[in-house]
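The values are calculated or read from the model by the stated rules, or taken from the named source; none is laboratory data. These figures come from a predicted structure and were not determined experimentally. Positions of Cβ are backbone-derived with ideal geometry, glycine not excepted, and every protein chain shown enters the neighbour counts. Areas reflect the complete protein model, heavy atoms only, side chains present, ligands, DNA and RNA absent. Shrake-Rupley method; radii C 1.70, N 1.55, O 1.52, S 1.80 Å.
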Amino acid sequence: SNLEEAKKLAAYAAIDNHVQSGNVVGIGSGSTVVYAVERLAQRVQTEKLKISCVPTSFQARQLIIKHNLKLSDLDITPSLNVCIDGADEVDSNLNLIKGGGGCLLQEKIVASCAKQLIIIADFTKNSCKLGDQYKKGIPIEVVPTAYVPIKRKLESRFTGEIDLRMAINKAGPVVTDNGNFILDWKNFDQTLNWENVNQQLISIPGVLCTGLFVNMAKKAYYGMADGLVKVQE
Ligand code: DER
């Protein structure tokens, strides 16, 4: 599909522009980063690229191992040159909604340890305001024992709906790689100040992380339907 082709275009462009030998690379989660890992593996073969890769999820770890890339972690390499990751939506200020795949906590940690966070996405992720196109809500990772009081606090403070993310191939709620639950905040007010909102959310006891990545991304690469790549910075 030209959506998959668009993801591949963005991924290849970002890897070719931002990864060089000697780099420690954060590997994001989701479907677009699959193409980024593919490109890294190609470059290791053709250019003898020397890199270490730090995963942001079990999925990313499996990808790194599958492609025989050098696996590292934050104990061994706590400072990364670059982190390549997808996003559910990007606004005109390069603020992101992430966590559609449920991997937001480790994604945010690894991104925070990298000198640059580079986003790769297809054109459908490119929005003016968060919520223009992405309707599944802002993910909030919470300690399972606290999800009801947190949900009620959020419902009293903000407009919109707060839903516990339920699993599809497992009975009950989604449990993240870190053993936590996810609340999805839908139909939020799109005019909110996301930096303030993020600070308010993480100040609630039991909230571990939000899918609001504010002032973190350095650039976003979008694969376009016409086969071109658009860069937002
Ligand atoms: O869950 C995540 O944060 C993923 O990176 C997601 O935002 C992007 O997933 P996709 O590349 O499959 O759209």
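Pick out, from Gly160, Gln133, Ile182, the residue whose Cα sits farthest towards the positive end of the charge dipole of the chain, with +1 on the Cβ of Lys and Arg and -1 on the Cβ of Asp and Glu.
Checking the options against the dipole of the chain, the answer is Ile182.
Tell me the Kirkwood radius of the chain: reciprocal of the mean inverse pair distance over distinct alpha-carbon atoms, in Å.
It works out to 17.9 Å.
Antiparallel as a % of all DSSP beta bridges within the chain, to the nearest 5?
If we restrict to bridges inside the chain, about 50 percent are antiparallel.
Quick one: what are the phi-derived ³J(HN,Hα) couplings along the stretch 16-23, Karplus 6.51/-1.76/1.60 with θ = phi - 60°, whole Hz, x for glycine and proline?
Couplings: 5, 8, 10, 10, 9, 4, x, 6 Hz.
Restricting to bridges with both residues inside the stretch 1-96, how much of the DSSP beta-bridge set is antiparallel, in percent to the nearest 5?
Looking only at bridges with both residues in the stretch 1-96, the antiparallel portion is about 10 percent.
Give me the dipole magnitude in Debye, nearest 20, for the stretch 184-233 about the Cα centre, with unit charges on the beta carbon: positive for Lys and Arg, negative for Asp and Glu.
Dipole of the stretch 184-233, to the nearest 20 debye: 120 debye.
Let's see if you can work this out: charge +1 on each Lys and Arg Cβ, -1 on each Asp and Glu Cβ, no other charges. What is the dipole magnitude of the stretch 1-106 about its Cα centre, in debye to the nearest 20?
The calculated dipole for the stretch 1-106 is roughly 420 debye.
Hey, what's the chain come to in accessible area per residue, 1.4 Å probe, Å²?
46 Å²
Would you kindly state how much longer the chain becomes between Phe58 and Ile204 on full extension, computed as 0.36 nm times their sequence separation minus their alpha carbon distance, in nm to one decimal?
Computed gain between Phe58 and Ile204 is 49.9 nm.
Quantify how much of the Cα-Cα distance distribution of the stretch 23-153 extends past 22 Å, in percent.
40 percent
Sum -39500 (n - 2.57) across every DSSP H segment of at least 4 residues in the chain, then divide by the residue count to get the 222 nm mean residue ellipticity, nearest 500.
Helices in the chain give a 222 nm mean residue ellipticity of -9500 deg cm²/dmol.
So if a site counts as exposed when it's one of the trypsin sites (Lys or Arg not before Pro), its DSSP state isn't H, G, I, E or B, and it has at most 10 other Cβ atoms within 10 Å, what's the longest stretch of the chain without one?
Longest stretch, sites excluded: 49-134.
From the phi angles alone, apply the Karplus equation (6.51, -1.76, 1.60; θ = phi - 60°) to the stretch 49-58 and give each ³J(HN,Hα) in whole Hz, x where the residue is Gly or Pro.
Per-residue couplings from phi come out as 4, 9, 9, 10, 10, 10, x, 10, 5, 4 Hz.
So for the chain, averaging the separation of alpha carbon pairs under 8 Å that are six or more residues apart and normalising by length, what relative contact order in percent results?
Here the relative contact order equals 24 percent.
From largest to smallest, what semi-axes in whole angstrom does the stretch 4-99 give when each is the square root of 5 times an eigenvalue of its alpha carbon gyration tensor?
Equivalent ellipsoid of the stretch 4-99: 20, 16, 13 Å, largest first.
Can you find, among Leu3, Asn81, Ile65, the residue farthest towards the positive end of the dipole of the chain? Put +1 on the C-beta of Lys and Arg, -1 on that of Asp and Glu.
Of Leu3, Asn81, Ile65, it is Ile65.
With viscosity set to 1.306 mPa s at 10 °C, what whole-number translational diffusion coefficient in µm²/s follows for the stretch 145-233 from Stokes-Einstein and a Kirkwood radius over Cα pairs?
103 µm²/s
List every residue whose amide H lies under 5 Å from the amide H of Leu71, counting only residues 5 or more places away in sequence or on a different chain, with H placed 1.01 Å from N in the peptide plane.
Answer set, sorted by chain and number: Cys53.
When the dipole is taken about the Cα centre of the chain, and only Lys, Arg (+1) and Asp, Glu (-1) are charged at their Cβ, what size is it in debye, to the nearest 20?
I would put it at about 340 debye.
Just how many pairs of Lys in the stretch 87-181 have C-alpha atoms closer than 12 Å, counting pairs that are eight or more places apart or on different chains?
Qualifying lysine pairs in the stretch 87-181: 4.
Find out how many positive minus negative residues lie around Leu80, taking Lys and Arg as positive, Asp and Glu as negative, among other residues whose Cβ is under 14 Å from that of Leu80.
Counting the neighbours of Leu80, the net charge comes to 0.
What aspartates and glutamates sit close enough to Lys230 to cross-link, taking a C-alpha to C-alpha distance under 18 Å and skipping anything fewer than 8 places away on the same chain?
Partners within reach: Glu4, Glu5, Asp16, Asp85, Asp88, Glu89, Asp91, Asp122.
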